[in-house]
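One structure is given below, encoded as structure tokens.
The values are calculated or read from the model by the stated rules, or taken from the named source; none is laboratory data. From a predicted model like this one, the values you see are computed outputs, not experimental measurements. No Cβ is skipped: glycine too gets one built from the backbone with ideal geometry, and neighbour counts run over all protein chains shown. Ligands, DNA and RNA are stripped out before the accessible areas are found, and what is left, the full protein with its side chains, is counted by its heavy atoms. Shrake-Rupley method; radii C 1.70, N 1.55, O 1.52, S 1.80 Å.
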Amino acid sequence: MFLWGTATASYQIEGAVAEDGRGRSVWDTFAHEPGKVKDGHTGDVACDHYHRWSEDVTLMAALGVNSYRFSISWPRILPSGHGAVNEAGLGFYDRLVDGLCAAGIVPAATLFHWDLPQALEDEGGWLNRDTASRMAEYAGIVAARLADRVPIWITLNEPFIHMVFGYALGTHAPGRTMFLDALPAAHHQLLGHGLAAQALRAHGAGQVLVTNNCTPVWAASGAEEDLRAAEAYDVLHNRLFNDPVLLGRYPDLSAFGLDAMPALRDGDLAAIAQPLDGLGINYYNPTRVRAPGDPGILPFEDAGVTGHPTTAFGWPVVPDGLRELLTGLKARYGEALPPVYVTENGCSQADEPGPDGVVDDQGRIAFLDGHIAAVAAAMAEGVDVRGYFVWSLLDNFEWAEGYNQRFGLVHVDYATQRRTPKASYHWLRERIAARATP
Ligand code: GBH
């Protein structure tokens, strides 16, 4: 069965940040620091999904999706990062999973979508190797409770983005600005993936995946130095995360002046390269780079993708980039590539209901139509794609942009929490009903 789904993440939708014993996450801290999130927005209430999850499951059932990718809030389960387990936190996901199963929707749970317990950040966060072991403990606890009903587990969401925005540039929590010194945060997340994958399986998890956001990398010209820049960017964005997981080794980092991955120890790569049941891919857009004007610390610079429409976020809309990405993964990894799940794809639009109450998001319909066709094209070229999840079910807390970017199939009026399915929701329902596959 091809999985048609929607995707969300705990801090972006749940709210209820101080309820039922939830501990603080790095995003609670970051969002409450003045100037970090646009307009001072926080996830304190978000979509109030913690209280409205049942209504949200009903919306998915009516949409006709057969799967739902959500993330578990680590600090709801382990408020101080380790030690005492918060039963009420487990209870929330227990009810959600039961609700999904009753609606015939396959739960796909992500363990870490960026909301690390603040208590673990206080011990060094992902710069501390121990956080990987803490993740394995957390994985075992949730799997022991939920793996009887959750068949699909995703360890990490986009470790590249978390390293770059959270640790290198500081535009996301925990807000560190370490540039290339952030690389251990990548290695420790990957180690956390490997150890968590083992713990998940030991506690009955069926399918284990990791989700990497990947981008086709285009050189700004055919000049030798631009081609080298493109290769270096591909190493940093894509291969640094796919190679160790699928091949058990890191790519050559010499373009970054490194002869090995910092923080790597003997045995780590074997732990990271656990057999996987699938690779999750989040795709938003391609990236175009050129050689840096001033030789600085990075061997590339952004050249911008031009000549394509853009989303409200300013991101280029290039549906064929998804076909290029998927077929490129197959060409690069061959037999080592497990089945692929597109675990996120979607776009932001400035959606508001018209006088008739209708949110007529034609741009999103065109976006989804084009990208679903790109998945079909990749499948026709031999890539084993097993699922497609739209980001997102609901408009939600878009990290540093707060509530200013809307990615939902369902509009959320934050003042009242009223949910209004957009035109794209109705379009997708008909698309799914008409054809079982892309
Ligand atoms: C995902 O990250 C996250 O998993 C999810 O939580 C989030 O809400 C969603 O996407 C939407 O943002 O500068 O034009 O080259 C996506 C990571 C990073 C993808 C920035 C697009 C740059 C576009 N994104 N990236 S551009």
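Residues in the range 94-135 that are among the basic types (Lys, Arg) and over 19 Å from residue 15 (Cβ atoms): 2 in all.
Being touching a strand residue (DSSP E or B) at 6+ places or on another chain (Cβ under 8 Å), more than 26 Å from residue 221 (Cβ to Cβ) and charged (D, E, K, R) narrows it down to one of 243, 277, so name that one. Please lay out each step first, then the result.
Numbers: 243 fails: touching a strand residue (DSSP E or B) at 6+ places or on another chain (Cβ under 8 Å).
277 is the lone residue from the list that is touching a strand residue (DSSP E or B) at 6+ places or on another chain (Cβ under 8 Å), more than 26 Å from residue 221 (Cβ to Cβ) and charged (D, E, K, R).
Would you be able to say whether some residue in the range 73-81 is charged (D, E, K, R) and crowded, with 22+ Cβ neighbours inside 10 Å? Before you say what the answer is, go through the steps one by one.
Of all residues in the range 73-81, those charged (D, E, K, R) come to 76.
The next check asks that each one be crowded, with 22+ Cβ neighbours inside 10 Å; those that pass are 76.
Yes, the range 73-81 contains at least one residue that is charged (D, E, K, R) and crowded, with 22+ Cβ neighbours inside 10 Å.
Scan the range 266-309 for residues that are under 21 Å from the mean Cα position of the chain (by Cα) and among the small types (Gly, Ala, Ser) and the total you get is 3.
Every residue, every condition in (1) among the β-branched types (Val, Ile, Thr); (2) in contact (Cβ under 8 Å) with a residue 40 or more places away in the chain, yes or no:
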residue	(1), (2)
3	no, yes
15	no, no
27	no, yes
34	no, no
48	no, yes
55	no, yes
85	yes, yes
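Take residue 317 and tell me if it is of a type in the set (A, V, I, L, M), within 27 Å of residue 173 (Cβ to Cβ) and touching a Pro at 6+ places or on another chain (Cβ under 9 Å). So residue 317 does not fit the description; no.
Of all residues in the range 377-390, those that are buried (at least 16 other Cβ atoms within 10 Å of the Cβ), small (Gly, Ala, Ser) and farther than 12 Å from residue 278 by Cα total 2. Residues considered: 403, 425, 333. Of these, the only one that is within 16 Å of the ligand (Cβ to nearest atom) and at pLDDT 95 or above is 403.
Output the number of residues of the range 406-425 satisfying the condition of being part of a loop (DSSP other than H, G, I, E, B), open to solvent by 20 Å² or more (accessible area, probe 1.4 Å) and either touching a residue at least 12 places away in the same chain (Cβ under 8 Å) or touching a Leu at 6+ places or on another chain (Cβ under 6 Å) (or both). If you could, list the steps in order and put the result at the bottom.
Filtering the range 406-425 down to residues part of a loop (DSSP other than H, G, I, E, B) leaves 407-409, 414-417, 422.
With open to solvent by 20 Å² or more (accessible area, probe 1.4 Å) added as a condition, the list becomes 414-416.
From what's left, either touching a residue at least 12 places away in the same chain (Cβ under 8 Å) or touching a Leu at 6+ places or on another chain (Cβ under 6 Å) (or both): 414.
Number of matching residues: 1.
The set of residues in the range 121-138 being part of a helix (DSSP H, G or I) and touching a residue at least 40 places away in the same chain (Cβ under 8 Å) consists of 121, 125, 126, 127, 131, 132, 133, 134, 135, 136, 137, 138. Could you list all residues from the range 276-333 that are open to solvent by 20 Å² or more (accessible area, probe 1.4 Å), assigned to a helix (DSSP H, G or I) and not acidic (Asp, Glu)? Passing the criteria: 323, 327, 328, 330, 331, 332. Does residue 245 meet the test of being within 16 Å of the ligand (Cβ to nearest atom) and modelled with pLDDT of 95 or more? Taking the combined requirement at face value, the residue does not satisfy it.
From the residues in the range 334-372 that are in contact with a Leu (Cβ under 9 Å, 6 or more places away or on another chain) and over 26 Å from residue 113 (Cα atoms), which one is least open to solvent (accessible area, probe 1.4 Å)? The residue in question is 361. Residue pairs whose Cβ atoms lie under 7 Å apart, separated by 6 or more positions or on different chains, with the first residue in the range 279-295 and under 30 Å from residue 387 (Cα atoms) and within 8 Å of the ligand (Cβ to nearest atom) and the second open to solvent by 40 Å² or more (accessible area, probe 1.4 Å) and outside any strand (DSSP E or B), are 284/315; 285/315.
Just give me the residues in the range 68-122 being at positive phi and more than 19 Å from the chain's Cα centre (by Cα), in sequence order. Walk me through it before giving the result.
Narrowing the range 68-122 to residues at positive phi: 81, 83, 104, 114.
Passing the criteria: 81, 83, 104.
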